[in-house]
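This report refers to the structure that appears directly beneath it.
Throughout, read-outs are computed from the coordinates displayed, never taken from laboratory work. Treat the numbers as computed from the prediction; the structure is a model and nothing was measured. With ideal geometry, Cβ positions are generated from the backbone for all residues, glycine too; neighbour counts draw on all protein chains shown.
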Amino acid sequence: RGEMTVGELAKLLHKDASEVIKKLLFLGVMATINQEVDLETIQLIADEFKVEVDLKLPVSEDPFEETEEKDEEADLQERPAVVTIMGHVDHGKTTLLDAIRKTNVTSAEAGGITQHIGAYQVEYNNKKVTFLDTPGHEAFTLMRSRGAQVTDITIIVVAADDGVMPQTVEAISHAKAANCPIIVAVNKVDKPEANPDRVKQELTEYELVPEEWGGDTIFVNVSAKQGMGLDELLEMILLVSEVNEYKANPDKRARGTVIEAELDKGRGPVVRILVQHGTLKVGDAFVAGTCFGRVRAMVNDRGRRLKEAGPSTPVEITGLTDVPQAGDPFMAFEDERKARSIAEKRATTYRQSQLGANTRVTLDDLFKHI
Ligand code: GDP
Ligand code: MG
């Protein structure tokens, strides 16, 4: 399911095909000039050459931009960091996500039934942290190509018995391109053949140098399986959050990003979103991508019904008329009529920009040089 060949991509980027092939090799992909590359690879190569891939509505034409209420510095309040875990297959991403989730449930939420809503929240030292649990790479590529920046911090998991692998390198490229602080979790340190120092050594090649070696990258040794090192990992996440002071204005109409969406047999379109600005309330009219609706019901990752959700809160909502796509932006409006008209406006503009992008000749439209 290629999008274009290596040769075409090189032309588009105004580079020599050999340069693109070299970058691909660096990312662990062997390719020839006629080989087709998919969207994810295009994105990575574009990142390497510092060219932005752009599949979203031009900002100037997005009705969301003109309708968002602007923030004053004084309106901004601290919000939980949003964390993505990435790394090579089988290095322990799922196990780590599960382990973190189990060990740090807020007392108020204890006993709730775990819901898969694409993200969850834990509380540690009285601070909340939001973890995205959608497959890291996919979510990242899709959301970024749609212009959504949802992640504040990336945790790169590297198995201490396996070391740096192609998807580790990819994950690093993603995080760097998104300007996302990286914390390295060296996993599986319980294994007799684990060699955390080798992982550190290998990562220096990618400019991830631990503090004890004179660098500024945070490394934490963990065993997701035995629950070792999770406290330190969470402490480091809170440290990075504190340094970066993640903030948002909770007192306005909600704006955020669709993490997942599907059509449920019984409930109709179900959408899982991350609220990033403002507060979403039950009954709010809203637009997600080019779909609109009204928040009928809202639940959190513990299956608890919520009346409202503030910045960095992941929620599952019903009440849409159609199914949006992951990475679509989301915004609440004062009434359903307004929401419908904004959704229609977005649909028209989007259709027009898609028309232009459909043919090979105008693929150039997809790329915007920084
Ligand atoms: P993912 O593909 O990155 O999501 O990896 P998984 O979480 O599915 O883990 C892959 C395998 O490694 C599973 O068999 C896990 O039980 C195992 N695993 C994960 N973390 C650890 C760990 O800390 N120690 C050991 N010994 N095994 C682990
Ligand atoms: Mg997994």
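I'd like the distance separating the alpha-carbon centroids of the stretch 311-338 and the stretch 214-255, in whole Å.
27
Less than 16 Å apart at the alpha-carbon level, and either on another chain or at least 8 residues along: which aspartates and glutamates does that give for residue 15?
Qualifying aspartates and glutamates at Cα under 16 Å: 47, 48, 52, 364.
Need one word for the stretch 138-249: rounded, prolate or oblate. Basis is the Cα gyration tensor (sqrt eigenvalues a ≥ b ≥ c); a/c below 1.5 gives rounded, then a/b vs b/c decides. Present the calculation step by step, with values, prior to reporting the outcome.
On the way: a/c = 1.71, a/b = 1.42, b/c = 1.20.
It comes out prolate by the Cα gyration axes.
Farthest toward the dipole's positive end in the stretch 158-308, which of 239, 276, 164, given Cβ charges of +1 (Lys, Arg) and -1 (Asp, Glu) about the Cα centre?
The Cα lying farthest towards the positive end belongs to 276.
Near residue 191, which lysines are there with a Cα under 23 Å away, not counting those fewer than 8 places off in the same chain?
List returned: 93, 102, 200, 225.
May I ask you to sort 340, 267 by Cβ crowding, counting other Cβ atoms within 10 Å and putting the fewest first?
Working: 340 16, 267 13.
Ranking 340, 267 by Cβ neighbours within 10 Å, fewest first, gives 267, 340.
Sorted by mean Cβ packing within 10 Å, highest first, what order do the peptides 275-287, 88-100 take?
On the way: 275-287: 22.0, 88-100: 19.9.
So the order, starting with the most tightly packed, is 275-287, 88-100.
Anything over 27 Å Cα to Cα? Flag those among 70/128; 50/252; 128/345, in the order listed. Walk me through the intermediate numbers first.
Working: 70/128 25 Å; 50/252 35 Å; 128/345 37 Å.
In this structure, 50/252; 128/345 exceed 27 Å between Cα atoms.
Name the GluC sites (Glu not before Pro) in the stretch 240-298 that are in a loop by DSSP and that have at most 12 other C-beta atoms within 10 Å, would you? It would help to have the intermediate numbers written out before the result.
Numbers: sites: 242, 245, 260, 262; in loops: 245.
Taking the stretch 240-298 and a limit of 12 other Cβ atoms within 10 Å, the loop GluC sites (Glu not before Pro) found are 245.
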